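Structure first, commentary second.
The values are calculated or read from the model by the stated rules, or taken from the named source; none is laboratory data. Here the structure is a predicted model, which means the values were calculated and not measured. All Cβ positions, even for glycine, are placed from backbone atoms using ideal geometry, and neighbour counts span all protein chains on display. SASA here: full protein model, heavy atoms, side chains in, ligands and nucleic acids out. Shrake-Rupley method; radii C 1.70, N 1.55, O 1.52, S 1.80 Å.
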Amino acid sequence: MLKVENVTKYYGDIKAVDDLSFTIEPGEIFGLLGVNGAGKTTTFRMIMGLLEPNKGSITINDKKIDYKLVEKIGFLTEERSLLTKLTVKEQVIYYGTLKGMKEKDILNKLDYWLDRFGVSDYKERKIKELSKGNQQKIQFITAIIHEPDLLVLDEPFTGLDPINVESFMSVIREFKQKGKMIIFSSHRMEHVELFCEKLVILKKGRAVLSGNLKDIKKNYQKKIIRIAGDVNIDNLKNTKGVIDVIKENLEIVVKIESDKFIENVFEVVKKSSNITKFIVEDASLNEIFLNTVGEAYEK
Ligand code: ATP
C-alpha cells in the first residue's frame, strides 16, 4: 500500500503541498487532480523519491521510499524525459537496466509492447524521428517494462488520439487486474471518470475533495435532468430549484439544486407534449471539479 501521510512541501516560501494524506491499495487506480500549479507534480516527485517532504511521510508497504523501492516504481513524468538521440531499443535497454532487468528480458518485453502499441517498425529508429504520440508510447513502455508495483503517471493521455488513449487505458486496467497500484493526473475529467475509483482534488496544495468517485458523485447535491420533448424552456427556468437550463442538440439539460426538486421539474414536463425522455443523472466530474475548485481552469 502507498501511504501519503500529512505531507507538506515548501519551495522557499511557497507551500506547494499542504498537509496532504491519502492511501492507494494494490489494484487501485487513483486520480490526483487540480488546476495548473495545484501541487500534483510536486506530489509525484515526492512519491518517486526525487524530493523530500518538509513534513509528513510517504511509504510503500510501511517502508520509506529509497533507491531500492524506486526500482519498483514506474513513472511517466511531465517532462517526457526521453533520450532523443538514442534509438527506441537503446533507450528502453538503458532504463530497463537501471531498473535491474537483464537485457534478454528487456528485449522480449520490448517486442511485446511495441507490437501491442503498433510501433514495432520503430525499434531501431531514433526517438527524435518519432511523432510526439509515438514518443509518448515509448516513454510509457519504459515506465512499465519492469512491471512495477506502483505506476506514477503525470498527464499520461495528453497529446494522444482517442484510439491511443484507449490502448493506454487498457494497459493500465491490466496493471490494476494484476494488483498494481496506479496514480495518475489528468486535466480531462472524462478520462478520470472512465476508470479511476478514488481521487483527490488539490487546490493550492490542499485536498479540497477526496474519496471514492462513486460516493463523491452520489453525495454531490446538484443533479442533471435530461429531457427530450416540447417543453417550454422559460417555464423550466422559473421552476423552484432549477439552476440552469441548456438546450443541447435534441435534449434539454436542466441543472437542479438537489434531488428534492426533481418533482418540480417533472410537474412542468407532465404538462408538455411529445416527451420521449426524462432522465435524472449525477453531475459530471467536470462540473464537480469546477464547482469545487471554484475557478476557471485550462485544459
Ligand atoms: P501543472 O498542472 O501545471 O503541472 P502541478 O499541479 O503539477 O501543476 P506543481 O508543479 O507541483 O503543480 O507546482 C505547485 C506549486 O509549486 C506552484 O505554485 C509552482 O509554481 C511551485 N513550484 C513548482 N516547482 C517549483 C520549483 N522548482 N521552485 C519553486 N516553486 C516551484
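Using the C-alpha gyration tensor of region 148-299, what are the square roots of 5 times its eigenvalues, in whole angstrom, with the largest one first? The partial results should precede the final answer.
Details: eigenvalues 252, 60, 38 Å².
Working from the Cα gyration tensor, I get semi-axes of 36, 17, 14 Å.
May I ask you to list the residues of region 1-20 whose amide nitrogen lies under 12 Å from a point 7 Å from Cα along the Cα→beta-carbon direction of THR59?
Within reach of a label on THR59: 1-5.
Roughly speaking, what is the stretch gain from LEU86 to ASP115, that is 0.36 nm per residue apart minus the C-alpha to C-alpha distance, in nm to one decimal? Display every interim value, and only then the final one.
Details: separation 29, 0.36 × 29 = 10.44 nm, distance 1.96 nm.
Fully extending the segment from LEU86 to ASP115 adds 8.5 nm.
Using a 1.4 Å probe on the protein heavy atoms, what percent of the accessible area of the chain belongs to carbon and sulfur?
Details: 7340 of 15240 Å².
Carbon-and-sulfur percentage of accessible area, whole number: 48.
Could you pull out every residue, at least 5 positions away or on a different chain, whose amide H is within less than 5 Å of the one on VAL17? Hs are placed 1.01 Å off N in the peptide plane, and Pro or chain starts have none.
LYS9
Determine the alpha carbon to alpha carbon distance for each of LYS99/LYS126; LYS214/LYS260; LYS214/LYS255; LYS9/LYS137; LYS99/LYS217; LYS55/LYS85 and list only those over 29 Å. Numbers along the way, then the final one.
Working: LYS99/LYS126 22 Å; LYS214/LYS260 20 Å; LYS214/LYS255 19 Å; LYS9/LYS137 31 Å; LYS99/LYS217 39 Å; LYS55/LYS85 39 Å.
Those over the limit are LYS9/LYS137; LYS99/LYS217; LYS55/LYS85.
Among GLY39, GLY100, GLY133, which one shows the biggest mean-square fluctuation in a GNM of the chain, springs joining Cα atoms closer than 10 Å?
Fluctuation is largest for GLY100.
With the dipole of the chain worked out from charges on the C-beta (+1 for Lys and Arg, -1 for Asp and Glu) around the Cα centre, which of MET181, ASN238, LEU33 lies farthest toward the positive end?
Value computed over the given set: MET181.
Given a 1.4 angstrom probe, what's the average accessible area per residue across the chain, in square angstrom? Please list the in-between numbers first.
Values: 15240 Å² over 299 residues.
Value for the chain: 51 Å² per residue.
Towards the positive end of the charge dipole of the chain, with charges on Cβ (+1 Lys, Arg; -1 Asp, Glu), say which of LEU110, PHE266, ILE93 has the farthest Cα.
ILE93
Considering only the other residues whose Cβ falls under 11 Å of the Cβ of LYS223, what net charge follows from Lys and Arg at +1 and Asp and Glu at -1?
Values: positive: LYS217, LYS218, LYS222, ARG226, LYS255, LYS260; negative: GLU257, ASP259, GLU281, ASP282, GLU287.
Charge balance near LYS223 sits at +1.
Calculate for the chain the 222 nm mean residue ellipticity that helices alone would give, adding -39,500 (n - 2.57) per DSSP H run of length 4 or more and normalising by residue count, nearest 500 deg cm²/dmol.
On the way: 11 runs with 103 residues, N = 299.
Roughly -10000 deg cm²/dmol at 222 nm, from the helical runs in the chain.
Whole-Hz Karplus ³J(HN,Hα) for region 161-170, in order, using 6.51 cos²θ - 1.76 cosθ + 1.60 and θ = phi - 60°, x for Gly and Pro?
6, x, 5, 6, 4, 5, 6, 4, 4, 5
Would you work out if region 177-237 is rounded, prolate or oblate? Take a ≥ b ≥ c from the square roots of the eigenvalues of the alpha-carbon gyration tensor; rounded if a/c is under 1.5, else prolate when a/b is larger than b/c, oblate otherwise.
Numbers: a/c = 2.93, a/b = 2.06, b/c = 1.42.
Taking the square roots of the gyration eigenvalues as a ≥ b ≥ c, region 177-237 is prolate.
Just for the chain, what percent of DSSP beta bridges are antiparallel, to the closest 5?
On the way: 39 of 57 bridges.
Approximately 70 percent, going by the DSSP bridge assignments.
Note down the relative contact order for region 31-188 as a percent, whole number, built from C-alpha pairs under 8 angstrom at least six residues apart. Show your work: numbers first, answer last.
Details: 195 pairs, mean separation 47.9, N = 158.
Relative contact order comes out at 30 percent.
Relative contact order of region 80-141, please, whole-number percent, based on alpha carbon pairs below 8 angstrom and at least 6 residues apart. Walk me through the numbers on the way to the answer.
Details: 53 pairs, mean separation 30.5, N = 62.
For region 80-141, the relative contact order is 49 percent.
Taking θ as phi - 60°, what are the ³J(HN,Hα) couplings along region 213-218 by the Karplus curve (6.51, -1.76, 1.60), each to the nearest whole Hz, with x for Gly and Pro?
My calculation for region 213-218 gives 4, 4, 5, 4, 5, 5 Hz in order.
Shape verdict for region 95-199, please, from the Cα gyration tensor: rounded (a/c under 1.5), prolate (a/b greater than b/c) or oblate.
Working: a/c = 2.03, a/b = 1.30, b/c = 1.57.
Judged from the Cα gyration tensor, region 95-199 comes out oblate (a/c at least 1.5, b/c at or above a/b).
Any idea what the relative contact order of region 4-59 is, in percent, if you count C-alpha pairs under 8 Å spaced at least 6 apart?
Working: 75 pairs, mean separation 25.8, N = 56.
Rounded, it is 46 percent for region 4-59.
Please report, in Å, the Rg and the Dmax of the chain, where both are computed over Cα atoms only.
Rg, Dmax (Cα atoms, Å): 22.7, 72.
Counting only residues 5 or more places away or on other chains, whose amide H sits under 5 Å from the amide H of LYS55 once H atoms are built in the peptide plane?
Placed amide hydrogens put THR8 under 5 Å from LYS55.
Rank ILE182, ILE65, ILE262 by mean-square fluctuation in a GNM of the chain with C-alpha springs under 10 angstrom and give only the top-ranked residue.
Residue with maximal mean-square fluctuation among ILE182, ILE65, ILE262: ILE262.
Taking the highest mean first, how do the peptides 269-279, 194-204 order by number of other beta carbon atoms within 10 angstrom per residue? Mind showing how you got there, number by number?
Values: 269-279: 11.7, 194-204: 19.7.
Descending packing order for the listed peptides: 194-204, 269-279.
Test of understanding: what is the full-extension gain from LEU290 to GLU78, defined as 0.36 nm times their sequence separation minus their Cα-Cα distance?
Numbers: separation 212, 0.36 × 212 = 76.32 nm, distance 2.28 nm.
Gain on stretching LEU290 to GLU78: 74.0 nm.
What's the long-distance tail for region 39-140, i.e. % of Cα pairs beyond 16 Å? Don't skip to the answer; put the middle values down first.
Values: 3198 of 5151 pairs.
Summing the P(r) tail past 16 Å for region 39-140 gives 62 percent.
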